[in-house]
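Have a look at the structure below before the remarks.
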Amino acid sequence: MLTVALPKSRLLDPLLELFERCGVPVAEAVRGAGRTLVVESAGMRLLLLKDADVPVYVEQGVAHCGVVGLDQVLERQSDVLRLLRLPVGQCTLTLIAKPGAALQRDGQPLVVATKYPTLVRQLARRRGKWVTVVPLAGSVELAARLALTDAVVDLVETGQTLRENGLVPVEEWMRVAPYLIANRAALHLEGERIRALWRTLGGAA
């Protein structure tokens with residue numbers, strides 16, 4: 001049985017809808033599972049995990065494959081195979097601040113809060129920006145709103161949360177989408193099943 005790791009976040013509903021459109025009928029079983037974190041449906045064992053844990057379970061081989069945002073794969077620096085970019089849950093990793101915030105200061109780093117410290121440091125270096133990163137677990141918008149930091153770097157989908165907190169997008173740093181990922185060894189051991197799912201989802205990509 002193929003073991004597939006899925007995120008429990010905002011991505012879950014659009015992913016389930018995508019699976020349904022592609023003829024993989026798992027949505028009813030997952031939505032009816034309540035607090036159960038392991039669901040068997042359509043010949044698969046589905047693990048419902050926090051986003052950050054999906055690449056860990058796949059890399060360690062507990063799950064043969066999974067679906068998760070590229071941000072999580074890069075933040076974890078996970079040694080997994082990226083098989084397919086999926087056409088749902090598109091967003092951007094964006095530098096965010098108060099309107100009119102002074103983000104260019106000679107001789108001082110830009111202080112940013114984020115849930116992605118490793119990824120943000122890498123992206124800042126590529127963009128030639130000197131930053132000090134303040135890692136936060138959630139509600140990073142408050143860091144800029146309450147002046148804990150100069151700015152934040154977070155995922156932006158519709159921008160509604162920014163507007164509600166009096167913030168504006170300053171600069172897009174990376175486009176983010178969910179990917180079908182696979183464990184390297186599993187692609188050989190469970191290659192037929194993984195490739196079947198890959199082909200099926202690829203029809204919608």
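The values are calculated or read from the model by the stated rules, or taken from the named source; none is laboratory data. This is a predicted model, so every value here is computed, not measured. FYI the Cβ positions are ideal-geometry reconstructions off the backbone, even for glycines, and counts take in every protein chain you see.
Quick notes on this structure:
- Screening E17 against (1) surrounded by 14 or more Cβ atoms within 10 Å (Cβ to Cβ); (2) at pLDDT 95 or above; (3) out of contact with any strand residue (DSSP E or B) (no Cβ under 6 Å at 6 or more places or on another chain) leaves a single unmet condition, (1).
- The set of residues from the stretch 70-109 being closer than 20 Å to L123 by Cα and among the basic types (K, R) comprises R76, R82, R105.
- Residue tally, condition within 19 Å of V168 (Cα to Cα) and surrounded by 12 or more Cβ atoms within 10 Å (Cβ to Cβ), over the stretch 134-146: 7
- Residue check, P109 of a type outside the set (S, T, N, Q) and within 24 Å of S9 (Cα to Cα): no
- Evaluation of V68 against (1) on the phi < 0 side of the Ramachandran plot; (2) in a loop (DSSP other than H, G, I, E, B) (one fails), failing number: (2)
- Any hit, the stretch 117-126, residues being assigned to a loop (DSSP other than H, G, I, E, B) and over 16 Å from the mean Cα position of the chain (by Cα): no
- Within the stretch 164-183, being of a type in the set (D, E, K, R) and out of contact with any strand residue (DSSP E or B) (no Cβ under 6 Å at 6 or more places or on another chain) holds for one residue alone: E164.
- In the stretch 153-186, the residue that is surrounded by the most Cβ atoms within 10 Å (Cβ to Cβ) out of those that are at pLDDT 95 or above and in a helix (DSSP H, G or I) is A186.
- S139 satisfies every condition listed in (1) closer than 30 Å to E17 by Cβ; (2) polar (S, T, N, Q); (3) outside any loop (DSSP other than H, G, I, E, B) except (3).
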